[in-house]
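Okay, structure first, notes after.
Taken together, the values in this text are just the output of simple stated rules run on the coordinates, not laboratory data. Note that this is a predicted model, so its numbers are computed, not measured. Here the Cβ positions follow ideal geometry from the backbone for every residue, glycine too, while neighbour counts run over all protein chains shown.
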Amino acid sequence: MPKTGATVIDPYQLLGLPRDANDAAIKAAYRKIAKTEHPDGGGDVDRFAKVTASYELLKDPVRRKVYDDTGYDPQLADTADLKGLMMLETLVNDMILDEREPGSFDPVAGLRRKLTDDILKTRFHILELERHRARVRQHIDRIGRRPEADVLGSMLKARTQSISDAIRAAETQIEAIERAYTMLEGYSYELEPEPLPKAAE
């Protein structure tokens, strides 16, 4: 499994600010750090980009509110995290639309089961694609070529490339699913206790 949790930059931590920092404090913190971190002054380009991105998030009241409420910002999140978040977003919608009474079922366990099922299905799909690609390659090895043009060979090679692209896409999908799964680590769900059976009179 990949790393646990989510790797999103904490703009408050990066700028050395408390959560309730006002606009003046945000601007002052940014200017102070920018003096030492700016690439023109010998600072690191990547770190300066993160500092600037953090400042831009905190000075935008809408983005800041979303970050404060969710802990995420699309522009600061790791790409793998964003893919995992999109995966979870769909599943959370399914959880919300479930008509069963909250507490009567464990939606977190359901999310984990769904992600596990998706990984298994995607791995099976990759195996099928690999078998198909191997068959196409065997045809390529066995087919005779006309000297002036190899139309069939070109078509079969193009098909092999398409299958390889599909395999790569499926592997990326598995990475996103695994990332979503790790984001669920540490969560539990409190179920309503089962009613005790009535004693016989």
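Taken over the Cα atoms of the range 107-183, the convex hull encloses 64 Å³ per residue. When each of the peptides 49-57, 187-195, 114-122 is scored by how many other beta carbons lie within 10 Å of its residues on average, the order from highest to lowest is 49-57, 114-122, 187-195.
Among the GluC sites (Glu not before Pro) found in the range 94-161, those both in a DSSP coil and sparsely packed, with 14 or fewer other Cβ atoms within 10 Å of their Cβ, are GLU99, GLU148. In this simple spin-label model, placing a label point 7 Å from the Cα along the Cα-to-Cβ direction at both VAL151 and THR116 gives a separation of 5.2 nm. The count of lysine pairs in the range 1-77 that are at least 8 places apart or cross chains, and whose C-alpha atoms lie under 20 Å apart, stands at 10. Were the residues from ILE174 through PHE124 laid out at 0.36 nm apart, the gain over their Cα-Cα distance would be 16.9 nm. Please say if the range 35-125 is rounded, prolate or oblate, where rounded means a/c under 1.5 for a ≥ b ≥ c the square roots of the C-alpha gyration tensor eigenvalues, and otherwise the choice is prolate for a/b larger than b/c and oblate otherwise? Judged from the Cα gyration tensor, the range 35-125 comes out oblate (a/c at least 1.5, b/c at or above a/b).
For the range 1-77, the square roots a ≥ b ≥ c of the C-alpha gyration tensor eigenvalues yield an a/c of 1.5 or more together with a/b not exceeding b/c, which makes the shape oblate. With both labels modelled 7 Å from their Cα along Cα-to-Cβ, the ASN93 to TYR187 distance reads 1.6 nm. In the chain, inverting the average of 1/r over every pair of distinct C-alpha atoms gives 21.8 Å as the Kirkwood radius.
Treat each spin label as a single point 7 Å out from the Cα along the C-beta direction, and report the GLU101 to ALA49 distance in nm. For the pair GLU101/ALA49, the computed spacing is 5.3 nm. Calculated [222 nm] ellipticity per residue, helices only, for the chain: -22500 deg cm²/dmol; basis is -39500 (n - 2.57) per DSSP H run with n ≥ 4, divided by all residues, nearest 500.
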